[in-house]
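A.B. asks: Questions regarding the structure given below will be posed in turn.
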Amino acid sequence: MELSDNAPAGVQQIYDVIVAGGGISGVMAAAKIAALNPNARILLIEKEAALGGRLRQSTAEQPRPGYGLSAVSDQLFDSWQDILAAHGINRDEASLPGNRQHTVAVLAGNRLAHQNIDLWFTAKGARILGGLAAAKHWPEVEEIVRQGAVAGNADEDDDEVVTDDDEAPTSQSAAKSAKSHALSHYWKQTRKAPAAVVLEHFGMAFGIPDIWDAAPEALAERAAFHSGRLHTGDWSKSLRQLLEQPSFHQAVSVTLANRIVDADWQDGIWKVSCQQGSFHSKALVVAQPPWQATAWLKRTLWPPALLQVASKTKPVSAVVLSERITNDEALQSVPDVTIVPSEKVQIVRDGTEAIYFQATIDFELSLQAPAVVKAVKALKRARKKLQQLYPGAITETSFVALLPVAWAQSPLHADRRWLTKAGSKNFNSSNLAFCGDAYGSSYDGDSNVLKSLSLACDALQL
């Protein structure tokens with residue numbers, strides 16, 4: 001089965017479910033619904049020319065721009081295997097990405113300093129980036145993150161009553177704001193201290209462009225995620241294997257390069273208008289971040305908690321330059337993750353021949369051309385530094401991509417109340433459900449994917 005538009009023409013057929021978004025969340029949602037309901041008719045709509053979302057990679061067979069965000073946690077990897085098994089693909093037959101991240105390094109001058117990735121956010125990891133002084137003060141960093149995370153967890157345990165009027169928070173909300181603080185509240189040293197500089201570089205690599213206004217628990221959760229020897233490798237074979245299974249493609253129609261323009265709910269039926277036509281369904285699963293989906297799903301149809309996330313918080317963006325490594329020796333020796341401090345860039349190898357240079361930027365800055373141009377220049381300087389270290393290993397044919405939603409959860413401490421509120425209850429219904437890394441209060445996007453996927457499928461009641 002080719003990864004192309006195979007959705008039925010016309011608008012007469014009414015699907016049981018339309019899944020809007022063909023990233024990992026949307027594909028898993030369609031697959032899980034099909035496995036639980038073999039007779040269901042499902043339509044999966046994706047705006048890009050290929051499925052996969054953040055898992056999309058640049059491979060020899062499909063040399064398209066990737067993002068370097070394809071590494072996933074053990075939990076999501078295991079859940080993906082369960083999806084395959086539900087469609088008759090056992091683990092011995094599954095074409096799964098077969099690599100794990102092992103090394104992180106710092107590129108300074110013409111030298112790489114390596115460390116095991118599970119020691120990334122430790123004194124040993126801080127030492128390779130900031131020297132002995134940073135390592136010496138690192139226990140203070142760990143204590144600050146611990147204190148902040150404890151305060152944040154205490155906040156979540158409270159019964160929160162947040163009004164829709166920002167100017168009139170309840171006394172409980174006021175008490176919450178007095179308990180937890182931004183990371184800068186806990187930091188007593190100068191921000192030019194070696195440990196502080198290391199924190200800023202780690203934050204950029206974890207999708208936190210402004211570490212000092214971030215919630216400490218955001219840093220703690222992101223550090224734990226990225227230090228977890230994530231699974232990497234070629235996802236395209238596994239995606240294709242699922243789509244070719246009869247139990248999947250008989251239940252799920254896929255339409256690609258088909259951007260949704262509008263969606264309306266009338267008389268118990270959804271009408272979803274796209275560039276390639278209109279489709280009808282009994283239920284709609286939104287597997288896109290709210291900042292994208294609010295462009296076509298009317299605000300009156302959104303649960304208030306999710307609409308507040310879309311209007312009051314911002315995701316974290318990334319500018320990405322993708323390359324290919326043509327030298328096998330270099331391919332084996334380039335670290336899984338490399339921080340380039342002088343450029344505020346991280347280099348990610350995804351287990352294929354591709355390599356990605358990432359610059360983390362604030363969402364608002366991603367809307368400004370000068371900021372994006374500045375980031376691209378930094379990426380190219382970082383590429384030049386790596387080329388000097390591995391002469392002839394990196395191709396000159398590169399792709400530059402702006403990813404407005406690279407990390408869905410805003411790490412800013414001021415935004416935490418909205419994230420907590422959105423994650424405090426099940427906002428799905430039998431006709432409208434949401435899933436993806438943006439739908440939940442965890443700063444670990446994979447955890448949000450799995451929890452929201454379960455809640456969405458339960459709510460549909462097919």
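A.B. asks: Can you name the residue in segment 43-102 that is at pLDDT 95 or above and of a type in the set (Phe, Trp, Tyr) and, of all such residues, is surrounded by the fewest Cβ atoms within 10 Å (Cβ to Cβ)?
C.D. replies: Phe77
A.B. asks: Residues to consider are Ser442, Ser454, Ser424; find the one that is part of a loop (DSSP other than H, G, I, E, B) and either under 16 Å from Val286 (Cβ atoms) or touching a helix residue (DSSP H, G or I) at 6+ places or on another chain (Cβ under 6 Å) (or both). Break it down stepwise before answering.
C.D. replies: Details: Ser454 fails: part of a loop (DSSP other than H, G, I, E, B); Ser424 fails: either under 16 Å from Val286 (Cβ atoms) or touching a helix residue (DSSP H, G or I) at 6+ places or on another chain (Cβ under 6 Å) (or both).
Selected residue: Ser442, the only one of Ser442, Ser454, Ser424 that is part of a loop (DSSP other than H, G, I, E, B) and either under 16 Å from Val286 (Cβ atoms) or touching a helix residue (DSSP H, G or I) at 6+ places or on another chain (Cβ under 6 Å) (or both).
A.B. asks: Ok, one more. Go through the residues of segment 189-211 one by one and say whether even a single one is surrounded by fewer than 23 Cβ atoms within 10 Å (Cβ to Cβ), modelled with pLDDT under 90 and either closer than 17 Å to Val145 by Cβ or more than 19 Å from the chain's Cα centre (by Cα) (or both).
C.D. replies: Looking for residues that are surrounded by fewer than 23 Cβ atoms within 10 Å (Cβ to Cβ), modelled with pLDDT under 90 and either closer than 17 Å to Val145 by Cβ or more than 19 Å from the chain's Cα centre (by Cα) (or both), one finds at least one in segment 189-211, hence yes.
A.B. asks: Say we look at segment 417-445 and pick out the residues that are modelled with pLDDT under 90 and among the charged types (D, E, K, R); which of these is most open to solvent (accessible area, probe 1.4 Å)?
C.D. replies: Lys425
A.B. asks: Please state which of the following conditions Thr395 fails to meet, knowing it meets all the rest: (1) out of contact with any Asp or Glu (no Cβ under 9 Å at 6 or more places or on another chain); (2) closer than 26 Å to Ser70 by Cβ; (3) touching a residue at least 60 places away in the same chain (Cβ under 8 Å).
C.D. replies: With (1) out of contact with any Asp or Glu (no Cβ under 9 Å at 6 or more places or on another chain); (2) closer than 26 Å to Ser70 by Cβ; (3) touching a residue at least 60 places away in the same chain (Cβ under 8 Å) applied to Thr395, the lone miss is (1).
A.B. asks: Looking at segment 111-119, can you tell me whether even one residue there is in contact with a helix residue (DSSP H, G or I) (Cβ under 8 Å, 6 or more places away or on another chain), open to solvent by 70 Å² or more (accessible area, probe 1.4 Å), more than 26 Å from Glu353 (Cβ to Cβ) and not hydrophobic (A, V, I, L, M, F, W, C)?
C.D. replies: no
A.B. asks: Tally the residues that are of a type outside the set (Val, Ile, Thr) and in contact with a strand residue (DSSP E or B) (Cβ under 6 Å, 6 or more places away or on another chain), restricting the search to segment 325-347. Talk me through it step by step, then tell me what you get.
C.D. replies: Applying the first criterion (of a type outside the set (Val, Ile, Thr)) to segment 325-347 yields 327-333, 335-336, 341-344, 346.
Filter again for in contact with a strand residue (DSSP E or B) (Cβ under 6 Å, 6 or more places away or on another chain), leaving 331, 335-336, 346.
Residues flagged as of a type outside the set (Val, Ile, Thr) and in contact with a strand residue (DSSP E or B) (Cβ under 6 Å, 6 or more places away or on another chain) within segment 325-347 amount to 4.
A.B. asks: May I ask you to verify whether Glu221 is part of a helix (DSSP H, G or I), open to solvent by 20 Å² or more (accessible area, probe 1.4 Å) and either acidic (Asp, Glu) or touching a Pro at 6+ places or on another chain (Cβ under 8 Å) (or both)? Working first, answer last.
C.D. replies: Details: part of a helix (DSSP H, G or I): yes; open to solvent by 20 Å² or more (accessible area, probe 1.4 Å): yes; either acidic (Asp, Glu) or touching a Pro at 6+ places or on another chain (Cβ under 8 Å) (or both): yes.
Criteria met by Glu221.
A.B. asks: Restricting attention to segment 224-246, which residues are open to solvent by 50 Å² or more (accessible area, probe 1.4 Å) and either more than 14 Å from Asp74 (Cβ to Cβ) or among the small types (Gly, Ala, Ser) (or both)?
C.D. replies: Across segment 224-246, the qualifying residues are Ala224, Lys237, Arg240, Glu244, Pro246.
A.B. asks: Is it the case, given these coordinates, that Ser398 is within 22 Å of Ala205 (Cβ to Cβ), in contact with a strand residue (DSSP E or B) (Cβ under 6 Å, 6 or more places away or on another chain) and not β-branched (Val, Ile, Thr)?
C.D. replies: Numbers: within 22 Å of Ala205 (Cβ to Cβ): yes; in contact with a strand residue (DSSP E or B) (Cβ under 6 Å, 6 or more places away or on another chain): yes; not β-branched (Val, Ile, Thr): yes.
Here the answer is yes, as Ser398 does meet what is asked.
The values are calculated or read from the model by the stated rules, or taken from the named source; none is laboratory data. Everything numeric here is computed off the predicted structure, so don't read it as measured data. All Cβ positions, even for glycine, are placed from backbone atoms using ideal geometry, and neighbour counts span all protein chains on display. Remember, those area values only see protein heavy atoms, side chains included, never the ligands or the DNA or RNA. Shrake-Rupley method; radii C 1.70, N 1.55, O 1.52, S 1.80 Å.
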